[in-house]
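Peer 1: Can you read through this structure? Questions will come right after.
The values are calculated or read from the model by the stated rules, or taken from the named source; none is laboratory data. All figures in this text were calculated on a predicted structure; none of them were measured in a lab. For neighbour counting, all protein chains shown are included, and Cβ atoms are generated from backbone atoms with ideal geometry for every residue, glycine included. Accessible surface is based on the protein model in full, side chains and every heavy atom, while ligands, DNA and RNA are left aside. Shrake-Rupley method; radii C 1.70, N 1.55, O 1.52, S 1.80 Å.
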Amino acid sequence: MGVEDVVRAAGRVPGGAGPVPGARRRGGGGAVEGTRDRVVIGEIMLPGVRRAVGCARSFVRNVAAGHPALDDMVMVASETVANAIAHTASGREGGLVTVVLAVEAGAYRLEVGDDGAAGGRPHVKPEAGAETGRGMRIVDALAERWGFRADGARTVVWAEFPAPPAAERGRGRGRDTDGETPVSGPG
């Protein structure tokens with residue numbers, strides 16, 4: 001997938017032909033409710049179809065270019081978006097998946113929002129030797145910490161990765177994680 005595909009996924013078509021149906025992009029910046037010193041560096045809303053997984057990977061690779069944990073972030077985006085499409089209402093007709101990348105409190109935070117799973121929540125399945133069911137195990141292995149929060153009927157799965165040193169990123173510090181359920185991490 002090339003740059004044009006990422007641009008299309010972001011809702012812009014080269015040459016000014018207008019937006020791509022089904023893809024929406026919102027610019028980031030500033031504080032978001034419930035957090036302090038959070039800077040959204042990219043956000044994209046994708047239709048809940050299989051090809052959206054590749055678009056999400058390209059989006060994260062583009063937005064977080066140069067980050068030391070880029071490959072891990074791309075893999076976690078791939079797994080969480082695939083799970084949203086396979087296991088939630090996002091995979092139904094008209095479903096959507098939102099991918100947000102933000103910098104806060106010394107971490108890059110990847111968030112994937114789905115359309116809800118009738119109360120089902122993400123969890124790491126016990127190893128059973130099956131060909132499926134490994135997505136959250138991969139997230140657990142690659143992210144510094146991860147968890148989820150309810151957002152109305154939607155669920156937002158988040159994963160954090162250490163940010164480069166402050167001199168490289170030029171971002172503030174501070175975080176408020178009230179209302180979130182951390183699933184793994186130090187401590």
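Peer 1: Count, please, the residues in region 58-82 that happen to be farther than 18 Å from residue 42 by Cβ and crowded, with 24+ Cβ neighbours inside 10 Å.
Peer 2: Selection size over region 58-82: 0.
Peer 1: Which of the residues spanning region 154-167 are of a type in the set (Gly, Ala, Ser) and either assigned to a strand (DSSP E or B) or within 22 Å of residue 135 (Cα to Cα) (or both)? Walk me through how you get there before you give the answer.
Peer 2: Filtering region 154-167 for residues of a type in the set (Gly, Ala, Ser) gives 159, 163, 166-167.
Answer for region 154-167, where residues must be of a type in the set (Gly, Ala, Ser) and either assigned to a strand (DSSP E or B) or within 22 Å of residue 135 (Cα to Cα) (or both): just 159.
Peer 1: OK, next. Quick one: how many residues across region 83-99 are closer than 15 Å to residue 41 by Cα and open to solvent by 10 Å² or more (accessible area, probe 1.4 Å)? Steps first, answer last, please.
Peer 2: Step one: of region 83-99, the residues closer than 15 Å to residue 41 by Cα are 98-99.
Remaining after also requiring open to solvent by 10 Å² or more (accessible area, probe 1.4 Å): 98.
Summing the residues that are closer than 15 Å to residue 41 by Cα and open to solvent by 10 Å² or more (accessible area, probe 1.4 Å) in region 83-99 gives 1.
Peer 1: Do we find a residue being in a loop (DSSP other than H, G, I, E, B), touching a strand residue (DSSP E or B) at 6+ places or on another chain (Cβ under 7 Å), crowded, with 17+ Cβ neighbours inside 10 Å and modelled with pLDDT of 90 or more anywhere in region 126-143? Show your work before the answer.
Peer 2: The first filter runs over region 126-143 and keeps only residues in a loop (DSSP other than H, G, I, E, B), leaving 126-134, 143.
Checking which are touching a strand residue (DSSP E or B) at 6+ places or on another chain (Cβ under 7 Å) leaves us with 143.
Among the residues that remain, those that are also crowded, with 17+ Cβ neighbours inside 10 Å are: 143.
Filter again for modelled with pLDDT of 90 or more, leaving 143.
Looking for residues that are in a loop (DSSP other than H, G, I, E, B), touching a strand residue (DSSP E or B) at 6+ places or on another chain (Cβ under 7 Å), crowded, with 17+ Cβ neighbours inside 10 Å and modelled with pLDDT of 90 or more, one finds at least one in region 126-143, hence yes.
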